[in-house]
Structure formats: structure tokens, C-alpha cells
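> Input: one structure, supplied below.
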Protein chains: 2
Amino acid sequence: MNDLKEGVCLSAMWFNHEQCCWTSNETTFAERDKCPQWKSWAELILGQAEGPGSYIMNYFMYIYWALSFAFLAVCLVKVFAPYACGSGIPEIKTILSGFIIRGYLGKWTLMIKTITLVLAVASGLSLGKEGPLVHVACCCGNIFSYLFPKYSKNEAKKREVLSAASAAGVSVAFGAPIGGVLFSLEEVSYYFPLKTLWRSFFAALVAAFVLRSINPFGNSRLVLFYVEYHTPWYLFELIPFILLGVFGGLWGAFFIRANISWCRRRKSTRFGKYPVLEVILVAAITAVVAFPNPYTRQNTSELIKELFTDCGPLESSQLCQYRSQMNGSKAFSDNPNRPSGPGVYAAIWQLCLALIFKIIMTIFTFGLKVPSGLFIPSMAIGAIAGRIVGIAMEQLAYYHHDWFLFKEWCEVGADCITPGLYAMVGAAACLGGVTRMTVSLVVIVFELTGGLEYIVPLMAAVMTSKWVGDAFGREGIYEAHIRLNGYPFLDAKEEFTHTTLAREVMRPRRSDPPLAVLTQDDLTVEELQGVINETSYNGFPVIVSKESQRLVGFALRRDITIALENARRKQEGILLNSRVYFTQHAPTLPADSPRPLKLRSILDMSPFTVTDHTPMEIVVDIFRKLGLRQCLVTHNGIMLGIITKKNILEHLEELKQHKEPLSPQIDSM
Amino acid sequence: MNDLKEGVCLSAMWFNHEQCCWTSNETTFAERDKCPQWKSWAELILGQAEGPGSYIMNYFMYIYWALSFAFLAVCLVKVFAPYACGSGIPEIKTILSGFIIRGYLGKWTLMIKTITLVLAVASGLSLGKEGPLVHVACCCGNIFSYLFPKYSKNEAKKREVLSAASAAGVSVAFGAPIGGVLFSLEEVSYYFPLKTLWRSFFAALVAAFVLRSINPFGNSRLVLFYVEYHTPWYLFELIPFILLGVFGGLWGAFFIRANISWCRRRKSTRFGKYPVLEVILVAAITAVVAFPNPYTRQNTSELIKELFTDCGPLESSQLCQYRSQMNGSKAFSDNPNRPSGPGVYAAIWQLCLALIFKIIMTIFTFGLKVPSGLFIPSMAIGAIAGRIVGIAMEQLAYYHHDWFLFKEWCEVGADCITPGLYAMVGAAACLGGVTRMTVSLVVIVFELTGGLEYIVPLMAAVMTSKWVGDAFGREGIYEAHIRLNGYPFLDAKEEFTHTTLAREVMRPRRSDPPLAVLTQDDLTVEELQGVINETSYNGFPVIVSKESQRLVGFALRRDITIALENARRKQEGILLNSRVYFTQHAPTLPADSPRPLKLRSILDMSPFTVTDHTPMEIVVDIFRKLGLRQCLVTHNGIMLGIITKKNILEHLEELKQHKEPLSPQIDSM
């Protein structure tokens, strides 16, 4: 569908340009544009392939199709499944941390996201399909888990299925099974036990295997951007690699700030109320600007592939139009570093323009109400920057081959710099800057390219990128979007370094009204109903009695409401002044009192407690590792207050604004 | 030193056979034995290179050197650093789970292990250097961490350093940085936060980079056993790969049982009292049996390399002596599957013998009092088995190329089966069967060999191997050794599926004397001293008073002892009948009473508590995730008992013996 923007295949509508021309006899790349079955729109409508008229016709049709696809995508999302927009990774992270967003992983989201993802990618917007594929995989995992009661009934088990599903999603998106497992571990999952590691591994294995059997790229390889470089890298090249890492980190930090402030503006102003218009507008600008530049007109994945590929004798790309130093084929097959020809200079200018274009458009695209991934645009930006640096290095080495830096390993006519490798390193660095992944990113990139020899350059660039990015802001793009949307997500990565105590965070605070608690055996149904009606808390601690405030357990509001309703309907003799008790045995009551109501079955007898002196560092740790939603605070066994996840997030926000850690208050209890 | 067993380099003593012959002009492999600088012992002593006399001389010298090295190694270990023996991974796992073994990671262990590791590998024993290198790396990590107070003072931080160190260790051992990080995550570390992931990644990066700079293998590659296969694998080949996985799982289960029962016998009988004798004996048997067979005589790493390598035109190995089908070099360079020549048959017999020999010797070698790793022997066994299966498949495909299975993809004269790939898959399967690793193993193997294309076969074999192995026993070799040695290690992998409650596990049990507790403000120094002297617990819960047994905190025995001694020495007026108080303010005392002793500073005000109704499933989870050593049990805020890690391990053992989960007792409190 992407190629439908440029033309159509007469022999079979659904073939893309490449497949269409496979059937013709001209197989070389140079003859690509001359295959008879493939007609550009101008040829088809105006009947001529050349000239300004046909260029304008092609331009017009390009914009027309881009707008149609974008319009269709955003309408489908808006009407059928509002959750299908975006990359979905921030929401999946939040869901895996224990929050439930109903319908987010449902069948409608799955269907609409699958369809609109195709449309959105085809519309030429600066977005990728990898993030949304993770969301699609999680939808599948969620829907499948309903088939097995063991998983559908247990939220924790279901989350393990989702972890494995996201691994499978990345495995399919990049053909990188191990990278997928690591992505799930490092970026998506909140709690990742070893058992899940094995299961994710298995899921990714099956996903990769099925992908290989279907063989979508027609080359019987799992590897998406397979590259083969002929030269090793040299120690000195680490300097440009690290510079690319710095660029990646800067780009990541800049992108996150710009994108978040744009998304915040969209949320807060009237502009956000017209998502369809916004998508159409962005798609139109993208299409108008993209068409004249061949590097932005083509599919982003193809662009990355071209940038990664080393110039070989068979390569007819504009990037490889070097002035040949020696005539004859030997110069070509040895592929030495040569002075660049006019084609390369033109290509570099076009690449620079493409870089600026991609940077600007990606900022405005990520966050639109269509499915939009960030992997491919980030990688494209990095690959463009890397290729430019690579060509610059190559020319530097050619013209200054007697510099002491080059002298040792870069002789005249020798092939010592591989611009494609720079593109690969740049892509990894930019993706690292945006997402702040490390290990998983390196594994994904080398599974993607088969470049096992280049682990050290990749690692160096990715680590640099992460450090530089972290210097400007600790959050990756997904965490930033989580915070923007206000999801209750407690980041497992950030260290809690303050010295506050549980007492300072718990509710009620000193100025607040006392905590709403239930006593275990001297409340009446009416009083209980009153507490429920007057407050909006999700649960209530149960204590021994008003005098001895020792903690007994915790009862959820929902359970109490259901129990009261059931009692009123089914149990005879329960009146408003019936006694409610949470104890094992009924309290001794006066003879004339109505039948008591036993609620022990809904009492959680093992609520999580900490003492008021527990450092918040430990409390945060417990919340993270055990995935708690609330925790009761006691002092010498006596109920004092409650800490919820929300309280902790507020506390973290407060601390961040104060910047300096609050000094611990002097112990006075 | 390994080659010193066979001969000596006249030009430079410290060169091995290969390096010695580099300087000579004969560079081809076939001429290897004819380089003039290298003299076998027979040539040197008897002056003749051929004949039975020189064979016996070589045989004798081989055994002599093997015994010398083994004797030196075991003596050094026994005299200087008893902790330097074994692979060290079980102990490091235990240390990372929170247990402290003093001196295990000290400088003596480091020095002696480094020296004896070289000796042990050179002695020709069936052991590898990879596991011990992890131990050596952890020693370095531990020693370095003493330089930084932030790490030396905080056990948790130090454990993070050790996790990173073990990643660096594997990174160096195999030249596999990402595999190292995953090994640390999957096999070694107990608790592995993302922060540690990044740090381990960085440590592994630096380790890999330094390794590459030193360039020990002389091929400027990180990859230890670099292989390049010319053919892809076919779907049908998954069947033999899975069979190799089954073999690996069976071997793993068999090895673990046999090795553990032998180690148990060594521990329980008189035999274990003569470690030096045992090492000498095993080394002698190994040397005597190994010498006649070329596959066991050579270094195990070299053997693996040879087995992994595909037969090419330059390969002069016995394994590649096929009868050539067509004359001329084309047949060679195309490397089709050919009928095997007599060399291959001889090689297969020798490989079968080598397989049996390795299996038996490895069982008796792992656990000796010398540094001994398990990776290389396991891989060797798998590689031998895999190569045999690979050659068998190759011959099958050659003679039955018209079978429906082979027909489609295996034409006459075509190269459709790669025996080296089978060796690689077999090695991964066997290592997987022994250690039960999955993801990390696949990553290590493909980093080791550069075989990125073969992830799916590797994954299939490793998963099969794990499943088959787990069917015979859930434990890997390291967990089995941990249990054999009785280390307090709570396995994070095993799921706790029983329905017991905290009440049933806590101490004191119903028949036990009541728990030793301290009251917060009405004990005297004499009474406190009495409690300390009468009991041997490591800590005591502090309660409000004998009447109201509400829990206040927890005080460690060690702290109390120190505080009492300090008070007696330094504080004036502390008598035996002085009151001890843990509260904020001193209790009101009669006017004539001696000065009270304030111990609030040593009181842990935030001990970890669970209620008596908490399911043990949750308690075990908390212990694992938070790395607790003990946890107090309360009921309605009242102190009931204590659960320690030891109690949990005993409980798990009991449950395992009963086999059926204990039914939960009916709630009666």
C-alpha cells in the first residue's frame, strides 16, 4: 500500500513495486524503474512518464493517497477503538505494573489497531510499526488468556502472559527473538521472574520460527536489515562512534522535551479537540515536504536498509556514486575508499534535509491519534546522521591519509572506513537516546543486522547516548508519556534517595480528619453504611476496638458493598441496627438484638503493614517489588494510617519540586 | 603449559606448539608436526621422533607433567586457600542471595585460584576455566569494592558489584559480553535490578574491549570458536536438533545425579579425607586413558573448535577425510556431502570412545579440590555427540538422497547437512542440560560462534534439553551443589504451591517453649544478660510489656552484647539492677534506683512483619524479593513468633518429603 502512493502494478494490484518487477526480466537494480508492469500514476492518467506535468500529477496523487490513508486511519480509530492510537507501550508498562485499563487490550483494539497501523504506515507519516506491534501482540496475549481460567482469573498470571506477548511482539517486529525477550525485560515489564524469562523465550522462539516459515522478506533470513561489512573496525573509530552516541543522547533529550511539551499543549488547549484535522494536517505537510526528496519519499524501512548497506560493486544507489580512482572492475570489487563524486554530494545535501525534516515531523507525529511507533523514525534519524558522519570520515581518511591517526591502518586505496557501520551505530544511538534502553537495544540491533562483530562500537555508542540523555532528564519517552497521562506508575528504575519516613507520607496527615476505620465487632449495619457513604476510599482498615486500635485486617469497599447488598436481599433478619462483626465468633449480644451480620470472609487477614519509622526508601522498594497498591502503617501494633501508591507518587513529585531531600523530622513519638 | 605435556619449543620455552611453529616457514596445517623448533619429549630425550620407544617416552612424559601440574594445583589449594577449589558458582549464588562466607572472595583465594586454575587446566583433567573465571572476577570485584566506602559498607551494593563482576567474568571467559550479562541475570544473581543490568553491561563492555585490545587469540576477533557455515538449516533438521536436546537433557540429569551421589559419598566416607590423593588418582587415570586417543589428548577447547568447524578445502583434520567424489578442486571448494572415507570411520570410533571417557571422567572430576569449571567439558561432550549425529545424518542424506525427507532440499552432490552445526547445537544442549540455562546459553553460544542464523535450532535444542532435564529433577548442577553443601539458599526459581499459613511455619511451635522476647522498659541489665546467655538466637523481638504483647521492634543479639559491654566499660552508674529501656523517654523510676540504660539506638523500629494468617506463598515471595533473613509474625498487632530463612528451608524440605501439600488447618484463633 505504501507504493500505491507512487503507482500501481498492472499485473496484480496488491503487488508492491519490487514484487511487481520481479516477474519482469529486468532484475538489476538499475533497470528497476523501467519494468513494464509498473505504472506511475502519471503514466496511467496522463499517459506520459516524463515532464513537469507528470511530476505534478505524481506529486498530487502521492498527497492524495497519503491523505486518504491518514483520514481513514484516524476515523477508524476515533469511531471504533480510541485506545488503538499511539504506540501503546506506555500503557502496557502501566498495565504490567498492576493498573487495569479496561478494554485497552480487547478485541476491538486489536482489530482496529491492526488495520489502522497498515494505513498509518502507508500514509507516509513519520512513524513506525514496531511499538504498535507490541500492543497488538499484548492484545492477542490478553484475548488468548481468557481461554484458560488459570490465567484469566489471576491478574498476576495474566501479566506474565503479557510480558511474554510483548517479547513475541518485538521478536516478530524486528525478527529479533532474543532482543524481544530483553526488550520485555528491560523496557516493558515491571516484574520479571525467571519463569517469565523462559516463557517469553519460548514465545519469542515460536514467533521467530513462524515468521521464518512465512518468510515475509523473501530471503529466508530472520534478519531484517542484513548487512555484511568487509572490514573490521579500528580503535580510533571509537571517537566518531562516541560522538554519534552524544548526538543520539542529545536528540533523545531534545525529542522527549519537545514532544512532551507539544503533547501537553495538545491536551490543554482547544487544538486537542480536533484530532482528525490534526492528523490530516500533519499528513498533508509530511506528504508535501516528503515527495521532492527521494530519501523522504521512500519507505523509512527501505531508507534505513539503504543507509546501512555498504557500497558494493552492484550497488547503484546515489550514495555510492564515487569517482572511481582506477578504471576497471577491480577497483570496484575491492571497494576502496574513494573520493566522492557529485552524486554523493547531492546525496549528502538531500540527507541533511531529510534529517531536519524527520526530526521535526517525528516530534509532531508521535502522539497523534493514529497507531504510531517510534523505533523506525528514531533509527532513520540516527542512520542518516551516522551515514553523513561516515561519509565525512571516509573523505577525511581519503584526503588526509597521512595523518598520524589514519596512517597506521588506512593506506591509500585501502578500504578502512565503512559508512554503513556508522549508520548502524547512529541508529542504535538515537534509539537509545529516546528509549534509554541499553542491553536490549544492542541485542536488537545486532540481531537486526547480523553484525555480531560490532558489539563494542554499538555498546559504546548506546552507553554514551544513555549517559548524555540522562544528563538532561532521567526519563525515557515512555516514562515521560506515562507521567504526562498521569498513570499510577512507580518507576522501578529511579532510585529513591531521600531520608523521609513512612510517617511523613502516610494519610491522614496531621491536619486531616482521622482515618476512616472499622471496628471488628461493635459496628451496626447502619454505621457501616454511613462510613461507606460518607467516604470514597477503596478500603478500610479493621481494628480491634476504638479503645485498643490494634490492627486486625483490611476490607475492600467493593466487598463490603456487595456483602451488605447480599445480606439485605438474602439473609433474613438483618436490620439497620444489626451488629456487624469481623471476628471468628459472634460477640455476645443482648437477647433482644437482631441477628448479627458476619463479614469475616471479606476481611483480608494479612494486610501489608510497615511501622511508622520505616524509611520511605524501604517502603518504595516494597511497593515496587511486591506490586502493592496500599500498605497500612502501624506503631507498636496500633493502626496509624495508610500509604497508597498515589501517596507515594505525590510524595515523589513533592520531593522533585523541592529538589533537596527533606531532612528527617526529629523523633518525637 | 598444556603443550608442555607433549613437547617443548626450543626457540622459546613459553611458546605453545602453534606459536612455536608460527615463526617457522611452514604455515600450512599439514606441515604442523614438522616444524623444527618444536621437539616432542621423545625427540629431546631419546633423540628419535618415531617408533614405539619414543611413543612410550612421550606417553610417560605426558603422564609425568599431568601429575606434576595436578599435584602442584591441589597442594597450593590445600595449603593456601581451601576456598579456591571447585567452580565457585554455587557459593557465589549463595553469597548473592545474602549469605556471607568470609574469605571466600578474598585476595588469597584470588591469587591461588588464578595460579591453580592454570595448573589444573594444563594437567589435562576434564575441567574448564570458565566457572572459576567467574569466581576470580568476583574476587576482583569484591577487593575493588573495598576501595570505595559506598560499596564496602553496604552489603546490598557490594552484591550488585559482584553481579556485574560475574558478568564481566563470563564476558572474558567466552568473549561474550551480552551472554555474560544474561548469565549473571539468569544463573548467578539473586536479585537483579535494572540498574545492575546497566552496570553489568558496562563492566562486560569494558571487559570485552580490554580482551579485544590484548587480542589473546591472535585473530582480532572476540569470538572464541568462530565458525562460518555455508548452508542454511532446513526445517526437517529440527528433528535431529531436538533429539540432541533430549540427549543433552538426559546427560544433564544423569550427570547431576551421578556427580551429587559421588560428592555425597566423598563427604560421608573416609575417602574425602585424602583430597590430594584423589586428585592425583583422577589425574593419573585421565592422563593414562587420554593419551592414546588424539581427541582426548588435545586441549578440550581445541577439540571443541575442531568439532565445530565445517570441513573445508583447507581442513586437514581426520574428520574431513572424505572420499572425494569428483576429482579436482571444484568438488572441494563446493564442499558437497560426500561418502565418508576410512579416516572418518576411524574418527567416529575415536570420538565415541572420547565421549564415554569424557562422560565418566567429568563426573569424577567436578568436585575435586582443584578449580574446576563445567562449561568446557559439558560442551565437549555435546559437541562430540552432535558431530557424531551430524556425520550420521550426512551419510544418511548421501546414501538415501531420494527419501521423501531429503528429496526436496538435498540433491546429489549438494551440501545440505553441516556436521559442525550439529556439534554446536549438541554443545548447547548438553550445557543446557547440566546448568538449565536457556536464554543466556543461546546468547553465549551464538556470541561464541558468531552463528546468528542458527538461533532457532539452538533455542529448540536448549528448550528441549531443559524440559527433559527438568522431568528428572528440577535442580541444575549449581543448585544441587548448594543443597549438598547445605547453604541457606532460597531458590527463586521454584514456585511455592502449597497452602500452608505463616502460623504453621513460625517458631515457637506449639510444643516449644515460648519465644524469647524483651520488654521495652521493664527489664534490668541482669535480666537482659540472662536472656542473652540462655538463648542462642540472633535477635529478639521487643514488645510493649508482658501484659500487652504489642510489637515495638527488633534488636540484634550482636548489638545488645556490644551495647552492654560498652555500658559496663564507659557509662558510670550502670549496675546489674539498672533498668534497660528501648523507649524514647526513660520510664519513671523510684528515686533510689540506679541510672537506666538507654538502648533505643540499637532497636530496629521497622522490623518486617506479617500476620499469622498470611499464606506461606506470600511469605516465601517476600523473603525472596526483599532478601530477608527473618520476619516477625503478629496477630492483631500482638507478637506471636518469628520465621527465619532456615525455618522456610526446613518447611520446604518437609513439604517435599510429604509430597502432598498439607491441608490448611481450620481457622480457630
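> If you take the residues of the range B:517-539 that are of a type in the set (Ser, Thr, Tyr) and free of Cβ contacts under 8 Å to residues at least 24 places away in the same chain, which of them is surrounded by the most Cβ atoms within 10 Å (Cβ to Cβ)?
First pass over the range B:517-539, keeping only residues of a type in the set (Ser, Thr, Tyr): B:519, B:524, B:535-537.
After this cut, where a residue has to be free of Cβ contacts under 8 Å to residues at least 24 places away in the same chain as well, the list is B:535-537.
Numbers: B:535: 13, B:536: 8, B:537: 16.
Looking at residues that are of a type in the set (Ser, Thr, Tyr) and free of Cβ contacts under 8 Å to residues at least 24 places away in the same chain, I get B:537.
> Do the conditions hold for residue B:154, that is, is it within 14 Å of chain A (Cβ to nearest Cβ) and not hydroxyl-bearing (Ser, Thr, Tyr)? It would help to see each step written out before you state the result.
On the way: within 14 Å of chain A (Cβ to nearest Cβ): yes; not hydroxyl-bearing (Ser, Thr, Tyr): yes.
Taking the combined requirement at face value, the residue satisfies it.
> Are any residues in the range A:67-92 surrounded by fewer than 24 Cβ atoms within 10 Å (Cβ to Cβ), outside any loop (DSSP other than H, G, I, E, B) and not β-branched (Val, Ile, Thr), and if so, which ones?
The first filter runs over the range A:67-92 and keeps only residues surrounded by fewer than 24 Cβ atoms within 10 Å (Cβ to Cβ), leaving A:67-68, A:71-72, A:75-76, A:78-83, A:90-91.
The next check asks that each one be outside any loop (DSSP other than H, G, I, E, B); those that pass are A:67-68, A:71-72, A:75-76, A:78-80, A:82-83, A:90-91.
Once the filter is applied, which keeps residues that are surrounded by fewer than 24 Cβ atoms within 10 Å (Cβ to Cβ), outside any loop (DSSP other than H, G, I, E, B) and not β-branched (Val, Ile, Thr), the range A:67-92 yields A:67, A:68, A:71, A:72, A:75, A:76, A:78, A:80, A:82, A:83, A:90, A:91.
> If you don't mind, there's one more thing I want to ask. Testing residue A:314 on (1) modelled with pLDDT under 85; (2) assigned to a helix (DSSP H, G or I); (3) of a type outside the set (Phe, Trp, Tyr), one condition comes back false. Which one is that?
That leaves (2) as the condition not met.
> Going by what's in this entry, would residue A:607 be described as crowded, with 19+ Cβ neighbours inside 10 Å, in a loop (DSSP other than H, G, I, E, B) and within 14 Å of another protein chain (Cβ to nearest Cβ)?
Values: crowded, with 19+ Cβ neighbours inside 10 Å: yes; in a loop (DSSP other than H, G, I, E, B): yes; within 14 Å of another protein chain (Cβ to nearest Cβ): yes.
Answer is yes for this residue.
> Which number in (1) out of contact with any Ser or Thr (no Cβ under 9 Å at 6 or more places or on another chain); (2) modelled with pLDDT of 85 or more; (3) of a type outside the set (Gly, Ala, Ser) marks the one condition that residue B:590 misses?
Failed condition: (2).
> To continue, here is another question. Being touching a residue at least 12 places away in the same chain (Cβ under 8 Å) and either under 11 Å from residue A:114 (Cβ atoms) or hydrophobic (A, V, I, L, M, F, W, C) (or both) is the filter here; which residues of the range A:134-148 pass it? First the steps, then the outcome.
Taking the range A:134-148 and keeping what is touching a residue at least 12 places away in the same chain (Cβ under 8 Å), we get A:134-145.
Of everything in the range A:134-148, those that are touching a residue at least 12 places away in the same chain (Cβ under 8 Å) and either under 11 Å from residue A:114 (Cβ atoms) or hydrophobic (A, V, I, L, M, F, W, C) (or both) turn out to be A:134, A:135, A:136, A:137, A:138, A:139, A:140, A:143, A:144.
> To continue, here is another question. Scanning the range B:610-624 for residues that are assigned to a loop (DSSP other than H, G, I, E, B) and either of a type in the set (Gly, Ala, Ser) or within 7 Å of another protein chain (Cβ to nearest Cβ) (or both), which turns out farthest from residue B:510 (Cα to Cα)? Please lay out each step first, then the result.
Going residue by residue through the range B:610-624, those that are assigned to a loop (DSSP other than H, G, I, E, B) are B:612-614.
Imposing the further condition that a residue be either of a type in the set (Gly, Ala, Ser) or within 7 Å of another protein chain (Cβ to nearest Cβ) (or both) reduces the set to B:613-614.
Numbers: B:613: 16, B:614: 18 Å.
Selected residue: B:614.
> Could you list, in sequence order, all residues of the range B:90-123 that are among the hydroxyl-bearing types (Ser, Thr, Tyr) and free of Cβ contacts under 8 Å to residues at least 60 places away in the same chain?
Looking only at the range B:90-123, we keep the residues that are among the hydroxyl-bearing types (Ser, Thr, Tyr), and these are B:94, B:97, B:104, B:109, B:114, B:116, B:123.
Result: B:104, B:109, B:114.
> Okay, moving on. Residue B:484: in contact (Cβ under 8 Å) with a residue 24 or more places away in the chain and within 14 Å of chain A (Cβ to nearest Cβ), yes or no?
Details: in contact (Cβ under 8 Å) with a residue 24 or more places away in the chain: yes; within 14 Å of chain A (Cβ to nearest Cβ): no.
No: the conditions fail for residue B:484.
> Name every residue in the range A:151-164 that is of a type outside the set (Gly, Ala, Ser), outside any loop (DSSP other than H, G, I, E, B) and more than 19 Å from residue A:194 (Cβ to Cβ), in order of residue number. Quick ask: steps written out before the conclusion?
Residues of the range A:151-164 that are of a type outside the set (Gly, Ala, Ser), as a first pass: A:151, A:153-155, A:157-162.
Okay, now just the ones that are also outside any loop (DSSP other than H, G, I, E, B), so A:151, A:155, A:157-162.
Scanning the range A:151-164 gives a single hit, A:155.
> Right, next: In the range A:159-183, how many residues are charged (D, E, K, R) and away from chain B (no Cβ under 14 Å)? I'd like the intermediate steps shown before the answer.
Pass one, the range A:159-183, residues charged (D, E, K, R): A:159-160.
Add one more test, that the residue is away from chain B (no Cβ under 14 Å), and what stays is A:159.
Qualifying residue count, the range A:159-183: 1.
> Hey, among the residues in the range B:625-652 that are hydrophobic (A, V, I, L, M, F, W, C) and more than 26 Å from the chain's Cα centre (by Cα), which one's nearest to the other protein chains (Cβ to nearest Cβ)?
Step one: filter the range B:625-652 for residues hydrophobic (A, V, I, L, M, F, W, C), giving B:626, B:628, B:631-633, B:638-640, B:642-643, B:648-649, B:652.
When the remaining residues are screened for being more than 26 Å from the chain's Cα centre (by Cα), the result is B:631-633, B:638-640, B:642-643.
Values: B:631: 12, B:632: 11, B:633: 10, B:638: 6, B:639: 8, B:640: 11, B:642: 15, B:643: 13 Å.
That would be B:638.
> Something else: Return yes when residue A:627 is touching a Leu at 6+ places or on another chain (Cβ under 7 Å), touching a residue at least 60 places away in the same chain (Cβ under 8 Å) and of a type in the set (Gly, Ala, Ser) and no when it is not. Give the derivation first.
Details: touching a Leu at 6+ places or on another chain (Cβ under 7 Å): no; touching a residue at least 60 places away in the same chain (Cβ under 8 Å): yes; of a type in the set (Gly, Ala, Ser): yes.
When the stated conditions are applied, residue A:627 does not pass them.
> Working only within the range A:593-604, note down all residues that are in contact with a helix residue (DSSP H, G or I) (Cβ under 6 Å, 6 or more places away or on another chain) and surrounded by fewer than 22 Cβ atoms within 10 Å (Cβ to Cβ). Show your work before the answer.
So in the range A:593-604, the residues in contact with a helix residue (DSSP H, G or I) (Cβ under 6 Å, 6 or more places away or on another chain) come out as A:597, A:599, A:602.
If the condition is that a residue be in contact with a helix residue (DSSP H, G or I) (Cβ under 6 Å, 6 or more places away or on another chain) and surrounded by fewer than 22 Cβ atoms within 10 Å (Cβ to Cβ), then A:602 is the only one that fits.
> When the range B:261-290 is examined, which residues are found to be surrounded by fewer than 19 Cβ atoms within 10 Å (Cβ to Cβ), under 19 Å from the mean Cα position of the chain (by Cα) and not charged (D, E, K, R)?
B:261, B:262
> Considering only residues of the range A:177-210 that are at pLDDT below 80, within 22 Å of residue A:88 (Cβ to Cβ) and in contact with a helix residue (DSSP H, G or I) (Cβ under 6 Å, 6 or more places away or on another chain), which is surrounded by the most Cβ atoms within 10 Å (Cβ to Cβ)?
A:189
> May I ask you to verify whether residue B:152 is among the hydroxyl-bearing types (Ser, Thr, Tyr) and either surrounded by fewer than 23 Cβ atoms within 10 Å (Cβ to Cβ) or at pLDDT 85 or above (or both)? I'd like the intermediate steps shown before the answer.
Details: among the hydroxyl-bearing types (Ser, Thr, Tyr): yes; either surrounded by fewer than 23 Cβ atoms within 10 Å (Cβ to Cβ) or at pLDDT 85 or above (or both): yes.
So residue B:152 fits the description; yes.
> Residue A:434 versus (1) without any contact (Cβ under 8 Å) to a residue 24 or more places away in the chain; (2) buried (at least 24 other Cβ atoms within 10 Å of the Cβ): which is the lone unmet condition?
So the condition that residue A:434 fails would be (1).
> With the condition kept exactly as written, say whether any residue in the range A:82-92 is over 25 Å from residue A:186 (Cα atoms) and at pLDDT below 85. It would help to see each step written out before you state the result.
Keep residues of the range A:82-92 that are over 25 Å from residue A:186 (Cα atoms), which gives A:82.
Add one more test, that the residue is at pLDDT below 85, and what stays is A:82.
Looking for residues that are over 25 Å from residue A:186 (Cα atoms) and at pLDDT below 85, one finds at least one in the range A:82-92, hence yes.
> Look at residue A:195 and say whether it is farther than 30 Å from residue A:289 by Cβ and within 14 Å of chain B (Cβ to nearest Cβ). Show your work before the answer.
Values: farther than 30 Å from residue A:289 by Cβ: yes; within 14 Å of chain B (Cβ to nearest Cβ): yes.
Yes; evaluated as a whole, the condition is true for this residue.
> Might you check whether a residue that is within 30 Å of residue A:600 (Cβ to Cβ), without any contact (Cβ under 8 Å) to a residue 60 or more places away in the chain, within 13 Å of another protein chain (Cβ to nearest Cβ) and over 41 Å from the mean Cα position of the chain (by Cα) occurs anywhere in the range B:552-559?
yes
> Being in contact with a strand residue (DSSP E or B) (Cβ under 8 Å, 6 or more places away or on another chain), under 20 Å from residue B:554 (Cβ atoms) and surrounded by fewer than 20 Cβ atoms within 10 Å (Cβ to Cβ) is the filter here; which residues of the range B:497-516 pass it? Steps first, answer last, please.
Kept after step one, since they are in contact with a strand residue (DSSP E or B) (Cβ under 8 Å, 6 or more places away or on another chain), are these residues of the range B:497-516: B:499-503, B:505-508, B:515-516.
Okay, now just the ones that are also under 20 Å from residue B:554 (Cβ atoms), so B:502-503, B:505-508, B:515-516.
Passing the criteria: B:507, B:508, B:516.
> Sticking with this structure for a sec: Do we have any residue at all in the range A:459-475 that's hydroxyl-bearing (Ser, Thr, Tyr), out of contact with any Phe, Trp or Tyr (no Cβ under 7 Å at 6 or more places or on another chain) and within 12 Å of another protein chain (Cβ to nearest Cβ)? Please lay out each step first, then the result.
Keep residues of the range A:459-475 that are hydroxyl-bearing (Ser, Thr, Tyr), which gives A:464-465.
So of that shortlist, the ones also out of contact with any Phe, Trp or Tyr (no Cβ under 7 Å at 6 or more places or on another chain) come out as A:464-465.
Applying the additional criterion that residues be within 12 Å of another protein chain (Cβ to nearest Cβ) yields A:464.
Checking the range A:459-475: at least one residue is hydroxyl-bearing (Ser, Thr, Tyr), out of contact with any Phe, Trp or Tyr (no Cβ under 7 Å at 6 or more places or on another chain) and within 12 Å of another protein chain (Cβ to nearest Cβ).
> Now for a separate question. Is there a residue being touching a strand residue (DSSP E or B) at 6+ places or on another chain (Cβ under 8 Å), polar (S, T, N, Q) and in a helix (DSSP H, G or I) anywhere in the range A:166-178?
No, every residue in the range A:166-178 fails to be touching a strand residue (DSSP E or B) at 6+ places or on another chain (Cβ under 8 Å), polar (S, T, N, Q) and in a helix (DSSP H, G or I).
The values are calculated or read from the model by the stated rules, or taken from the named source; none is laboratory data. In this text, all values refer to a predicted model and were calculated from it rather than measured experimentally. Cβ atoms come from the backbone with ideal geometry, glycine included; neighbour counts cover every protein chain shown.
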